[in-house]
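Peer 1: Pasting in a structure now, in structure tokens, and then I'll have a few things to ask.
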Amino acid sequence: MENINPIPYFTLLDYHQETLYYDITNETIARSSGLFPSENILPIYYDRKCLFIIKNENYFPLTQFKVIPIDSHKVVLHHNGYFGAAEPHTWELIFNRSEIAGWEIFECVEYTKNKFSASLLEHAWLSKFNWQLHSSDKIHKTPNGFYISDKYYDFIENQHNLKKLYTDTTNLTLSRGLMVDSYIKYNPLIYFVVFGDEEQKELARESIRSLINIGNYTGDICIITDRRDMHSIIPDTFPGQLHIIHDHASTRIEMWRARYHITKFPLFEQYQPILYLDTDIVCNDTIFPVLEGILTSSKVCAGTENHPGVIIIPSRYTEAESVGRSFFAQEGQYPNIEYGFNSGIIGIPNLAVARTAFEMVVRIITRMIVTGQTDGWVDQAVLNYVTYKLDCIDEAFLSPHVAVGTGDNVYPYVTASKRPTLIHFWSTHKHERLPRIQSYITSTIQERAEQ
């Protein structure tokens, strides 16, 4: 055992470009990392003098194997009087050759130590196979590879895949011997837009209280606001980070427009999924399934307004201006579903998915402000129109997760079969809204504590 040799060294490839490894258990040379890679099957290196492996940051020469150079980039291996051959249909090198032909020659490729991407260690990753979430504390490095929970991945085998993390930090495909795994980064952000009076601040505080105490949310939060007193809105014990973005809005429509202006803030590019919530939203159950569903959707997610018993004027595309009736009438064609969606809850897999739609929404709303077309729920109408025209809206996933709250009841979605995750108290009278939400959250927290 010695310290790792500091001079340049090489890996060895067979004629199929498979890297040679040393199987510590069987004391043999293997072609590739095996059916299931492990820390006992290590890549072989060559320093122009001998073969060696690196284990626990130490250098172990493999002196039982003699290296004979053919030229500056090719070698043959000799052991017990015979040359080693990478014969087809066998995993191990076979030392039974007296002459050198094609299978006995190995290519030397200079090894560049892997610069392990911090993106892999800093975030949680969601398996695309079984949707299991692997938190960052379940991911750790070893000298020759890394673990994601109980699965071991070899550095050399995945060097090309890991390099992609420097340009695409959202998805990761990894090799594991004959197996393959695919992950998507889980780094959620929930954001609010809070302008104006004290009640909006207190509503945001209550919504965040429900996310933390009922929804078990531990990710980051962002508040877009014109207020200077928002830093105290979350408890000191909250593990996530609070981002405050200061913006200006002097009218109700400008406040609505601000929720789509996130494309101008670089902060949002690092997160996925992203969830926008109105301040009168209560989290009523664990939030992770909703965030997971948004992350794995390929479109912007929103919930349609089909809540029997509470909607007095149905939000049908052919009837309601609040979901873009005039826009679709101008087109002479309506969406192929009956009900429009509410813009108080918007799920975004990542900013790239929503960027074009949000920029178009901002442009249209700005033009409507300039031309004085400011009656009604302008942003919701525009968002319904734009996302359907661009074919980037998923109204199926989020709808059954959302209920509507009134002063004395909660109305689930028409096809909901489970407890609603989010309750939107838009149907509560303004003067009742804050005390109603405070009371509902407090009683729900108490009920959960007693279970």
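Peer 1: At 7 Å along the Cα-to-beta-carbon direction for both H73 and D375, put a label point, then send me their distance in nm to one decimal.
Peer 2: For H73 paired with D375, the spin-label model returns 7.5 nm.
Peer 1: Just grab the label-to-label distance for H160 and Q438, each label 7 Å out from Cα along the Cβ direction, in nm (one decimal).
Peer 2: 6.1
Peer 1: Between A352 and A449, what FRET efficiency comes out of the Förster formula 1/(1 + (r/R0)^6) with R0 = 41 Å and r the beta carbon distance, rounded to 0.05?
Peer 2: On the way: r = 41 Å, r/R0 = 0.99.
E between A449 and A352, to the nearest 0.05, is 0.50.
Peer 1: On to the next question. If you fit an axis through the alpha-carbon atoms of helix 430-450 and take the longest principal axis of the Cα set of the chain, what angle between them do you get, 0 to 90°, nearest 10?
Peer 2: Result, in degrees: 40.
Peer 1: Going by how many other beta carbons lie within 10 Å of each one, how would you line up H89, H140, fewest first?
Peer 2: Working: H89 4, H140 10.
By the 10 Å Cβ count, ascending, the order reads H89, H140.
Peer 1: Which entries of K163/K185; K113/K141; K49/K113; K128/K264; K74/K164; K49/K74 show an alpha-carbon separation above 21 angstrom in the structure shown?
Peer 2: K128/K264; K74/K164
Peer 1: In addition: For the pair L178 and E92, how long in nm is the line joining their label points, each one 7 Å along Cα→Cβ?
Peer 2: 1.8
Peer 1: Could you give the distance between the Cα centres of the range 342-368 and the range 57-77, to the whole Å?
Peer 2: 59
Peer 1: From zero up to wherever the largest Cα-Cα distance of the range 192-450 sits, split into 10 Å bins and tell me the percent of pairs in each.
Peer 2: 7, 31, 40, 20, 3, 0
Peer 1: Starting from the Cα-Cα distance between N40 and N80, subtract it from 0.36 nm times their residue separation and give me the gain in nm to one decimal.
Peer 2: Gain on stretching N40 to N80: 12.1 nm.
Peer 1: Same structure again: For each of C50, C108, count neighbouring Cβ atoms within 10 Å of the residue's Cβ, then give the residues from fewest to most. Display every interim value, and only then the final one.
Peer 2: Numbers: C50 15, C108 20.
Sorted ascending by nearby Cβ count, the order is C50, C108.
Peer 1: Would you mind checking the range 395-420 for residues with the amide N under 20 Å from a putative spin-label position 7 Å along Cα→C-beta of W426?
Peer 2: 395-416, 420
Peer 1: If you average the C-alpha positions of the range 126-141 and of the range 373-451 separately, how far apart do those two centres end up, in angstrom?
Peer 2: Result: 31 Å between the Cα centres.
Peer 1: With θ set to phi - 60° and the Karplus curve 6.51 cos²θ - 1.76 cosθ + 1.60, what are the ³J(HN,Hα) couplings of the range 192-202 in order, to the nearest whole Hz, using x for Gly and Pro?
Peer 2: So the J values, rounded to whole Hz, are 10, 10, 10, 10, x, 6, 5, 4, 4, 4, 5.
Peer 1: By the gyration tensor of its Cα atoms, with a ≥ b ≥ c the square roots of the eigenvalues, what is the shape of the range 2-110: rounded for a/c under 1.5, prolate for a/b over b/c, or oblate?
Peer 2: Since a/c reaches 1.5 but b/c is at least a/b, the shape of the range 2-110 is classed as oblate.
Peer 1: Another question about this same structure. Using the per-residue mean of other Cβ atoms lying within 10 Å as a proxy for protection, in what order, highest first, do the peptides 300-308, 130-138, 212-220, 324-332 fall?
Peer 2: My ranking of the peptides, most packed first, is 300-308, 212-220, 324-332, 130-138.
Peer 1: Cross-link partners among lysines for K389, C-alpha distance below 18 Å, same-chain residues fewer than 8 apart left out?
Peer 2: K299
Peer 1: Can you give me the long-range amide H partners of Y191? Hydrogens built in the peptide plane at 1.01 Å from N, cutoff under 5 Å, separation of 5 or more residues or another chain.
Peer 2: It is C222, L275, Y276, L277, by chain and number.
The numbers here are math on the coordinates, done by the rules we state, and not lab data. What you see is a predicted model, and the numbers here were worked out from it, not measured in a lab. Glycine gets a Cβ as well: all are built from the backbone with ideal geometry, and neighbour counts include every protein chain shown.
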